[in-house]
Amino acid sequence: MLVSLTVGKVDAGVAVLLTEDKRLIEFPSILLPPDISSGSIVDITVARNFDSEARTAAAFQSLQNTIYHTFGLRSPSPPVLRCRNATQTSVVLEWDPVELATAELRSLSLYRNGSKAGSIPRPTETLATKISGLAVDTAYTFHLVLRTSAGTYSSEKLTVRTHKMTELSGITITPGIMAAPLRESLVQTVERIGAKIIDTVRIDTTHFVCTEGRGQAWEKAVESNVPVVVPDWIKGCEREGRIVGVRAYYLDADPRFRQVGPGVLQQHQQLGQNSAGQSQQSVPLTSPRTEVTPPTPEQPKAQLAERPMGTQEQDRAQGQQRREESDNETSSSVPEQAPLPLEHRLEQKVIAEEPKTRTEDMKPHPPSAEKGAENNDSEDEEESEQQSPSTENPNNFDDIQL
């Protein structure tokens, strides 16, 4: 197809061509002859190139097939999470190498109980991690989340329960330098308690057992913050039937603080508590109290005179004893004193009542009253002489007027 166009303007990069119906066409000036100018007429032939179209379509289809077989047949796989070891306060998790196919890795994160616990450093190289600081005998749920350029993939949830204090199967030890008989005894003890023993220090090593702090394995254990203990620690766990503290079993620890029998410390504590409880029961604490003794009702003199001599003494002694008991109870701070004998108490009472008798004798009385009093006194003296023939008895109080 031949087309004639008129050059309207020629610029450095673009030329303006005019058609017969006065339409403008911008055309690259580099494709025009070099000697043209404004007003020149050029003829342009236009034709379709079928061979070039076929070659271009074939090349594009080949590229599509290459992209499909390279990036479309395989995709990243979800991580597979497993539990390698569990103890009372830690869990060691491991997983298979991450399969990314042709995708690019963005991140690999660990989730605990639905919350993000952290990101795994160097996901293509790291295949295990240790989670510490967990509670004893508690269930936890873990899962991994893989993020790539091809999408996000999550592993199945894994539920792990930490061990009880009496479960020793989570112990994983690495032996160090020690005598051969001691090493054989250590292996037998580990087998009896159901623990594991490995030759190298790994992420799941819980304790490093040795008798000398030297060697490459010892240095790696110290660098990894693995407790370094003596073989007696395994023996102590076997004796106690539970995990025992490692502080007393370090290489530089004092052996006197180590437990030498099953539950020695617990037994001493229990005995101390029992003895304290018994002492508290045997000596109960009582608050001070005050008791008031009611007064003894007065009795007529005739009744006192008729009563036997022994009964009067007994009544006085009982009254004096009740007063002493009330004084002791009201004043708890005053130290107790031994009670006086009955004879001394009666002598003190006689001395205290003699002034009263003398005062009553000195009072004036009417003549009739004096005669009646003399008759009564004579009758009282006769009765007292009949009842007590001996007048030298210090316990006879009939001559005292009450």
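Please report, ordered by residue number, the strands (runs of 3 or more DSSP E) entirely within the range 51-167 with at least 2 residues that are without any contact (Cβ under 8 Å) to a residue 60 or more places away in the chain and either out of contact with any helix residue (DSSP H, G or I) (no Cβ under 9 Å at 6 or more places or on another chain) or over 30 Å from Ser224 (Cβ atoms) (or both).
The strands (runs of 3 or more DSSP E) meeting that bar are 105-112, 115-119, 139-148.
Here are the criteria: (1) in contact with an Asp or Glu (Cβ under 9 Å, 6 or more places away or on another chain); (2) closer than 30 Å to Cys237 by Cβ. Tell me which single one Ala180 does not satisfy.
With respect to (1) in contact with an Asp or Glu (Cβ under 9 Å, 6 or more places away or on another chain); (2) closer than 30 Å to Cys237 by Cβ, Ala180 is out only on (1).
Residue-wise test of (1) farther than 22 Å from Ser149 by Cβ; (2) among the polar types (S, T, N, Q).
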residue: Pro34; (1), (2): yes, no
residue: Ile67; (1), (2): no, no
residue: Val80; (1), (2): no, no
residue: Thr87; (1), (2): yes, yes
residue: Ser90; (1), (2): yes, yes
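Could you give me the residue pairs with C-beta distances under 6 Å whose first residue belongs to the range 191-209 and is on the phi > 0 side of the Ramachandran plot, whose second residue is surrounded by fewer than 20 Cβ atoms within 10 Å (Cβ to Cβ) and hydroxyl-bearing (Ser, Thr, Tyr) wherever it lies, and which are 6+ apart or on separate chains?
Gly194/Ser169
Can you tell me how many residues within the range 35-50 are touching a residue at least 12 places away in the same chain (Cβ under 8 Å) and either on the phi > 0 side of the Ramachandran plot or not acidic (Asp, Glu) (or both)?
Final tally of qualifying residues: 11.
Report the residue count in the range 202-240 for those that are touching a Leu at 6+ places or on another chain (Cβ under 7 Å) and not β-branched (Val, Ile, Thr).
Residues that pass the stated criteria total 3.
When only residues in the range 201-219 that are out of contact with any Lys or Arg (no Cβ under 6 Å at 6 or more places or on another chain) and closer than 18 Å to Val91 by Cβ count, which is most open to solvent (accessible area, probe 1.4 Å)?
Arg202
Which residues, taken from the range 1-53, are surrounded by 14 or more Cβ atoms within 10 Å (Cβ to Cβ) and touching an Asp or Glu at 6+ places or on another chain (Cβ under 9 Å)?
Leu5, Thr6, Ala15, Val16, Leu17, Ser29
Has the range 29-43 got any residue that is closer than 30 Å to Thr126 by Cα and charged (D, E, K, R)?
no
If you check Gly176 against the conditions, is it at positive phi and touching a residue at least 24 places away in the same chain (Cβ under 8 Å)?
no
Of the residues that make up the range 127-136, is at least one within 19 Å of Thr89 (Cβ to Cβ), surrounded by fewer than 17 Cβ atoms within 10 Å (Cβ to Cβ) and over 22 Å from the mean Cα position of the chain (by Cα)?
Scanning the range 127-136 turns up at least one residue that is within 19 Å of Thr89 (Cβ to Cβ), surrounded by fewer than 17 Cβ atoms within 10 Å (Cβ to Cβ) and over 22 Å from the mean Cα position of the chain (by Cα).
I'd like to know if the range 152-160 contains one or more residues that are under 31 Å from the mean Cα position of the chain (by Cα), at pLDDT 95 or above and open to solvent by less than 20 Å² (accessible area, probe 1.4 Å).
Looking for residues that are under 31 Å from the mean Cα position of the chain (by Cα), at pLDDT 95 or above and open to solvent by less than 20 Å² (accessible area, probe 1.4 Å), one finds at least one in the range 152-160, hence yes.
Results for (1) touching a helix residue (DSSP H, G or I) at 6+ places or on another chain (Cβ under 9 Å); (2) closer than 27 Å to Glu94 by Cα, shown as yes or no for each residue.
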{"residue": "Ala180", "(1), (2)": "no, no"}
{"residue": "Asp199", "(1), (2)": "yes, yes"}
{"residue": "Ala221", "(1), (2)": "no, yes"}
{"residue": "Asn225", "(1), (2)": "no, yes"}
{"residue": "Ala248", "(1), (2)": "yes, no"}
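Hey, does the range 40-49 have a residue that's assigned to a strand (DSSP E or B) and either within 30 Å of Ile243 (Cβ to Cβ) or not hydrophobic (A, V, I, L, M, F, W, C) (or both)?
Checked the range 40-49: at least one residue is assigned to a strand (DSSP E or B) and either within 30 Å of Ile243 (Cβ to Cβ) or not hydrophobic (A, V, I, L, M, F, W, C) (or both).
Might you let me know whether the range 216-237 holds any residue that is touching a residue at least 60 places away in the same chain (Cβ under 8 Å) and at negative phi?
yes
The values are calculated or read from the model by the stated rules, or taken from the named source; none is laboratory data. Because the structure is a prediction, the values reported are computed rather than measured. Heads up, the Cβs are rebuilt from the backbone with ideal geometry, glycines too, and the neighbour counts pull from every protein chain shown. Heads up: the accessible areas ignore ligands, DNA and RNA and are worked out on the full protein's heavy atoms, side chains in. Shrake-Rupley method; radii C 1.70, N 1.55, O 1.52, S 1.80 Å.
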